[in-house]
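K.L.:
Please find one structure pasted underneath; my questions will follow.
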Amino acid sequence: MRIARFSIDGTVGFGVVEGDQLDIIKGHPFAGVERSGRRVPVDKVRLLPPVLPSKVVAVGRNYAEHARELGNAVPEAPITFFKPSTSVIGPGDPIAYPSFTSDIHHEAELAVVIGRLCREVPAERAHEVILGYTCANDLTARDVQQRESQWARAKGFDGSCPLGPWVETELDPSDLTLMCTVNGEQRQLGRTSEMVRSIAELIVHITASMTLLPQDVILTGTPAGVGPLHVGDEVAVTIEGIGTLTNKVVQR
Ligand code: MG
């Protein structure tokens, strides 16, 4: 099931995407999906970020080739950092190039959407806390990241976390193709099977220290091929079985 968050005529809601139609659901999808019977064409609504996370917990250097391309080793324990709620934008939303950096990079990533409150989750129960999966772009001010030991500014700026276009709830995430294109040209290509740590391992690691809430998001790292974006570029993250998240870089 593909669950999208949308707005139409000033109303915000969730719906199930079926072909070119959106089947509007009652309430929200975190306590079970109940269809309202009202349908609207997908192209008549504005798709929003599929969730509004209280926090995005991101994992660095979880693909060995990407760690290598930036001259880093694969870390002994996962590197985690936050992207704030204000970094989240939706499919089609513009990426406003910030003035504090001159080297924004794209990082295509599989995003895990948490479906229920959880802490200290054991590996064998990790699947129970996942609502589904969506595409993410862990936009990074690479110049600032290299200057500052904490990545709050480099990876947490407004608009630095495009998410979407929807949450796919029935998907085996263990071996999916993920790709990033810029202006239609392929920049990143990898498979989720190349992750150093699996999604279950990441959930165990993260929830050992903090509670995750429904709508929270885990970014699982990016494959090799990261590179700069410029004003006017159209960047697209495509993940097999989910879809494509497209955003355009604009002058702030
Ligand atoms: Mg990343």
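The values are calculated or read from the model by the stated rules, or taken from the named source; none is laboratory data. It should be emphasised that the depicted structure is a prediction, and the values quoted were computed from it without experimental measurement. Cβ placement follows ideal geometry from the backbone for every residue including glycine, while neighbour counts extend to all protein chains displayed. Calculation scope for accessible area: heavy atoms of the full protein, side chains included, ligands and nucleic acids excluded. Shrake-Rupley method; radii C 1.70, N 1.55, O 1.52, S 1.80 Å.
K.L.:
Can you go through 69, 34 and tell me which one is within 22 Å of residue 130 (Cβ to Cβ) and either assigned by TED's automatic domain parsing to the domain that holds residue 129 or loosely packed, with under 13 Cβ neighbours inside 10 Å (or both)?
P.N.:
Result: 34 is the single residue among 69, 34 that is within 22 Å of residue 130 (Cβ to Cβ) and either assigned by TED's automatic domain parsing to the domain that holds residue 129 or loosely packed, with under 13 Cβ neighbours inside 10 Å (or both).
K.L.:
Still on this structure: Can you pull out the residues in region 136-151 that are open to solvent by less than 10 Å² (accessible area, probe 1.4 Å), within 14 Å of the ligand (Cβ to nearest atom) and not charged (D, E, K, R)?
P.N.:
136, 137, 139, 140, 141 - these are the residues of region 136-151 that are open to solvent by less than 10 Å² (accessible area, probe 1.4 Å), within 14 Å of the ligand (Cβ to nearest atom) and not charged (D, E, K, R).
K.L.:
Could you list, in sequence order, all residues of region 137-192 that are outside any strand (DSSP E or B) and among the small types (Gly, Ala, Ser)?
P.N.:
Scanning region 137-192 gives 149, 152, 154, 156, 159, 160, 174, 184.
K.L.:
Suppose we filter 99, 7, 54 for residues that are open to solvent by less than 40 Å² (accessible area, probe 1.4 Å) and touching a residue at least 40 places away in the same chain (Cβ under 8 Å); which single one remains?
P.N.:
7
K.L.:
Now for a different question. Where in region 21-135 are there strands (runs of 3 or more DSSP E), lying fully within it, with 3 or more residues that are among the charged types (D, E, K, R), within 16 Å of the ligand (Cβ to nearest atom) and modelled with pLDDT of 95 or more?
P.N.:
none
K.L.:
Kindly indicate the residue of region 102-125 that is out of contact with any Ser or Thr (no Cβ under 7 Å at 6 or more places or on another chain) and either over 20 Å from residue 60 (Cβ atoms) or among the aromatic types (Phe, Trp, Tyr) (or both) and also surrounded by the most Cβ atoms within 10 Å (Cβ to Cβ) among those meeting that condition.
P.N.:
Among them, the one singled out is 115.
K.L.:
Testing residue 207 on (1) away from the ligand (no atom under 16 Å from the Cβ); (2) over 15 Å from the mean Cα position of the chain (by Cα); (3) open to solvent by less than 20 Å² (accessible area, probe 1.4 Å); (4) under 24 Å from residue 46 (Cβ atoms), one condition comes back false. Which one is that?
P.N.:
With (1) away from the ligand (no atom under 16 Å from the Cβ); (2) over 15 Å from the mean Cα position of the chain (by Cα); (3) open to solvent by less than 20 Å² (accessible area, probe 1.4 Å); (4) under 24 Å from residue 46 (Cβ atoms) applied to residue 207, the lone miss is (4).
K.L.:
Please go through region 72-104 and give me each residue that is under 21 Å from residue 202 (Cα atoms) and of a type in the set (Phe, Trp, Tyr), ordered by number.
P.N.:
Once the filter is applied, which keeps residues that are under 21 Å from residue 202 (Cα atoms) and of a type in the set (Phe, Trp, Tyr), region 72-104 yields 81, 82.
K.L.:
Step by step: first the residues of region 235-252, then only those that are of a type outside the set (Val, Ile, Thr) and more than 17 Å from the chain's Cα centre (by Cα), then the one that is surrounded by the fewest Cβ atoms within 10 Å (Cβ to Cβ). Which residue is that?
P.N.:
Among those residues, the one meeting the criterion is 251.
K.L.:
A further question on this structure: Given the options 190, 156, 232, 221, name the one that is in contact (Cβ under 8 Å) with a residue 24 or more places away in the chain and at positive phi.
P.N.:
Unique residue meeting the criteria: 221.
K.L.:
Scan region 152-169 and give yes if some residue there is open to solvent by 70 Å² or more (accessible area, probe 1.4 Å), away from the ligand (no atom under 15 Å from the Cβ) and out of contact with any helix residue (DSSP H, G or I) (no Cβ under 7 Å at 6 or more places or on another chain), otherwise no.
P.N.:
No; the residues of region 152-169 include none that is open to solvent by 70 Å² or more (accessible area, probe 1.4 Å), away from the ligand (no atom under 15 Å from the Cβ) and out of contact with any helix residue (DSSP H, G or I) (no Cβ under 7 Å at 6 or more places or on another chain).
K.L.:
Could I ask something else about it? Quick one: which of 246, 238 is more than 16 Å from the ligand (Cβ to nearest atom), under 21 Å from residue 53 (Cβ atoms) and assigned to a strand (DSSP E or B)?
P.N.:
After applying the criteria, what remains is 246.
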